[in-house]
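Before any comments, here is the structure.
The values are calculated or read from the model by the stated rules, or taken from the named source; none is laboratory data. Not measured: the values here are computed from a predicted model. Virtual Cβ from ideal backbone geometry, glycine too; neighbours counted across all protein chains shown. Only protein heavy atoms, including side chains, enter the accessible area calculation; ligands, DNA and RNA are left aside. Shrake-Rupley method; radii C 1.70, N 1.55, O 1.52, S 1.80 Å.
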Amino acid sequence: MSEERRFRIGDLAKLTETTPRTIRYYEEIGLLAPGEEREPGAHRTYGEEDLERLRELLRLRELLGVSLDELRELAAAESARASLRREWYGGIEDPVRQRQVLEQALGHIDHQLELVRRRRDEIDTLRGELEAKRRRVRDRLRALSRKSGGRATAG
């Protein structure tokens, strides 16, 4: 049986293109579990699961531009889904429990989708505002061109 790879905080930071400070902060606010227990003076280490969780947290933060509270909600939902997946793939005999696991997973996915939809709506609103501004600037440029007799103006 092979032993899981372990990473020191600096290595984890390099692999995820973040900083040790960010990793420590994510631990402090509960987004990431603290590194493995260590002897006094020894370096804290992280496993593959920590690496994947940190990558996912950073991807969500970057992609969705979420607040830390929203990121915490997304991470909690993802952790709950991971737990349900482990239970599901561990083998559930009871059809009632199978239904419960699937319904719980669906609830977590719906919650995550709602956050994504809100972000998309905010982006759509911003896009609409920018398109309206662009139309106004283009209209002003056309009006200016008509006033100046079609001559191109610098600026």
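Quick one: length gained pulling Y25 to I92 fully straight, 0.36 nm per residue minus the C-alpha distance?
Going from the current span to full extension adds 20.4 nm.
On the protein heavy atoms, probe 1.4 angstrom, tell me the percent of accessible surface of the chain carried by carbon and sulfur.
51
With point charges of +1 on the Cβ of Lys and Arg and -1 on the Cβ of Asp and Glu, referenced to the Cα centre of the range 8-155, which listed residue (V101, L115, L144) lies farthest in the positive direction of the dipole?
Sorting the options by dipole projection puts first L144.
If you wrap a convex hull around the alpha carbons of the chain, what volume per residue comes out, as a whole number of Å³?
202
Counting only trypsin sites (Lys or Arg not before Pro) that are in a DSSP loop and have at most 15 other C-beta atoms within 10 Å, tell me the longest site-free stretch of the chain. Numbers along the way, then the final one.
Working: sites that count: R5, R38, R151.
Longest run free of exposed loop sites: 39-150.
Can you check how the C-alpha radius of gyration of the range 92-148 compares to 2.2 N^0.38 Å, as a plain ratio?
The value comes to 2.38.
Dipole of the chain (Lys/Arg Cβ +1, Asp/Glu Cβ -1, origin at the Cα centre): which of A42, I9, G91 lies farthest to the positive side?
Result: I9, furthest along the dipole toward the positive end.
Compute the long axis of helix 95-147 from its Cα atoms, compare it with the longest principal axis of the Cα atoms of the chain, and write down the angle in degrees, 0 to 90, nearest 10.
That helix lies at roughly 20 degrees to the long axis.
Please list 3J(HN,Hα) in residue order for the range 75-84, calculated via the Karplus relation 6.51 cos²θ - 1.76 cosθ + 1.60 where θ = phi - 60°; whole Hz, with x for glycine and proline.
5, 5, 5, 5, 5, 4, 5, 4, 5, 5
So, with +1 on the Cβ of K and R and -1 on the Cβ of D and E, and no other charges, what is the size of the charge dipole of the range 43-110 about its Cα centre, to the nearest 20 debye?
100
What are the GluC sites (Glu not before Pro) within the range 19-88 that DSSP puts in a loop, where the Cβ has at most 11 other Cβ atoms within 10 Å? Walk me through the numbers on the way to the answer.
On the way: sites: E27, E28, E36, E37, E48, E49, E52, E56, E62, E70, E73, E78, E87; in loops: E36, E37.
The qualifying sites are E37.
Taking the range 46-105 as the region of interest, what is the percent of Cα-Cα pairs per 5 angstrom bin, listed from the shortest bin to the one with the maximum distance?
Reading upward from the zero bin: 4, 17, 21, 19, 15, 13, 9, 3, 0.
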